[in-house]
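The values are calculated or read from the model by the stated rules, or taken from the named source; none is laboratory data. Predicted, not measured: the structure shown is a model, and the values here were computed from it. For neighbour counting, all protein chains shown are included, and Cβ atoms are generated from backbone atoms with ideal geometry for every residue, glycine included. Only protein heavy atoms, including side chains, enter the accessible area calculation; ligands, DNA and RNA are left aside. Shrake-Rupley method; radii C 1.70, N 1.55, O 1.52, S 1.80 Å.
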Amino acid sequence: CYAIVMFDNTPGGSGYVRGLNGPDTLIRVLRETLSLVEHCTCGGEQGDSSCYSCLRNYYNQSKHDLMKRSHVIDFLHQVL
């Protein structure tokens, strides 16, 4: 069983996450995410890495060594 947690890190919130409350909107976001990670070239063909263009950001820097595009691609194929 998986859970997806979305949050708005803008102080006071900007309302973008609230706009994702419909299933159609969430599926579009997940499909766009899949496209983004599938078309990124970091980690080579195996997708055994990630970069700031696809998955990494300042807030998850402590987990960068664990983040692999292939994991996200596999997960999204299962969900979609």
Answer yes or no: is there a residue in the stretch 47-65 that is open to solvent by less than 40 Å² (accessible area, probe 1.4 Å) and either modelled with pLDDT under 80 or not in a loop (DSSP other than H, G, I, E, B) (or both).
yes
So Arg28 fits all but one of (1) open to solvent by 30 Å² or more (accessible area, probe 1.4 Å); (2) at pLDDT 95 or above; (3) of a type in the set (Lys, Arg); what number is the exception?
(2)
Can you list residue pairs whose Cβ atoms sit under 7 Å apart, with the first residue in the stretch 45-68 being within 20 Å of Glu32 (Cβ to Cβ) and the second being hydroxyl-bearing (Ser, Thr, Tyr) and assigned to a helix (DSSP H, G or I)? Count only pairs 6 or more apart in sequence or on different chains.
Gly47/Ser70
When residues of the stretch 66-80 are limited to those that are in a helix (DSSP H, G or I) and touching a Leu at 6+ places or on another chain (Cβ under 9 Å), the one most open to solvent (accessible area, probe 1.4 Å)
His77
Looking at (1) in contact with a Ser or Thr (Cβ under 9 Å, 6 or more places away or on another chain); (2) loosely packed, with under 12 Cβ neighbours inside 10 Å, find the lone condition where Cys42 falls short.
(2)
